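The values are calculated or read from the model by the stated rules, or taken from the named source; none is laboratory data. Small disclaimer: the values here were computed from a predicted structure and weren't measured. Reconstructed Cβ throughout: ideal geometry from the backbone, glycine too, with neighbour counts over all protein chains shown. When the accessible area is computed, the model is the full protein with side chains, heavy atoms only, and any ligands, DNA or RNA have been set aside. Shrake-Rupley method; radii C 1.70, N 1.55, O 1.52, S 1.80 Å.
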Amino acid sequence: GPRDRSIDQHSRRCGARGGTAEERAAMAWSKLNPCALVSHVLFKTGALLTYLFCEFFSDNFVVNFVVLSLFLACDFWTVKNVSGRFLVGLRWWHEVNEDGSSQWKFESLDEEGLKTVDSFEKRVFWTTTYATPPIWLVFGIITFVRFHFTYLIIVFLALTLSCSNLFGYVKASRDQSKQLSDMLGTAKAFSAVRNLI
């Protein structure tokens, strides 16, 4: 399908090479997306901290649920529609066809465009995207042990949204898909050797 306009614009803006040292420095700065980066981290952090400390400020589950749902929804929307495009040059979406079947679609900058992605922003994006589901899983285990079963609804919602973004972007990224495939292959080989021993 046609490449997303914002990704194309980002590629054209960042794809040039050469020039003086000042021009290269200006170009490097133009590649940075501080608003997208801050938003990407802010909503994740806000949701996690709110979940940890909400009961210190309110024992009303409905209020806490609404506030946390807003943080989670903002995080999901930001990662899916903003930070993924500008920080790593990827996007994914889900479509429902006329016959009722569903289809996942993925797009990425070409290899030349991906070279323009800032390494720091890329590292922050993938680190936080991979780390968020395990953190929520730990919160879920702690919540279950403490018998706060109503708050497991929030954990389930957070896991669903964060895992959806993780799955979508891993599938959209050839590099990440290859790394996961290599890791799975190594794990299978290690398991096979252990079985032989």
**Request:** Tell me which of these Lys171 doesn't satisfy, since it passes every other one: (1) open to solvent by 80 Å² or more (accessible area, probe 1.4 Å); (2) under 30 Å from Phe53 (Cβ atoms); (3) assigned to a helix (DSSP H, G or I).
**Result:** (2)
**Message:** Residues that are open to solvent by 40 Å² or more (accessible area, probe 1.4 Å) and of a type in the set (Val, Ile, Thr): list the helices (runs of 4 or more DSSP H) wholly contained in the range 42-120 that include at least 2 such residues.
**Reply:** 61-78
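Name the residues in the range 68-82 that are among the aromatic types (Phe, Trp, Tyr) and without any contact (Cβ under 8 Å) to a residue 24 or more places away in the chain, would you?
Here is the first cut: in the range 68-82, the ones among the aromatic types (Phe, Trp, Tyr) are 71, 76-77.
Within the range 68-82, Trp77 is the sole residue that qualifies.
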**Asked** List, please: which pairs have Cβ atoms under 6 Å, are six or more places apart or on different chains, and start with a residue in the range 154-170 that is closer than 12 Å to Leu137 by Cβ and end with one that is among the small types (Gly, Ala, Ser) and part of a helix (DSSP H, G or I)?
**Response** Val155/Gly140
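Residues Val124, Val193, Val138, Val145: which one is modelled with pLDDT under 75, of a type outside the set (Lys, Arg) and surrounded by fewer than 19 Cβ atoms within 10 Å (Cβ to Cβ)? Talk me through it step by step, then tell me what you get.
Values: Val124 fails: modelled with pLDDT under 75; Val138 fails: modelled with pLDDT under 75; Val145 fails: modelled with pLDDT under 75.
Among Val124, Val193, Val138, Val145, only Val193 is modelled with pLDDT under 75, of a type outside the set (Lys, Arg) and surrounded by fewer than 19 Cβ atoms within 10 Å (Cβ to Cβ).
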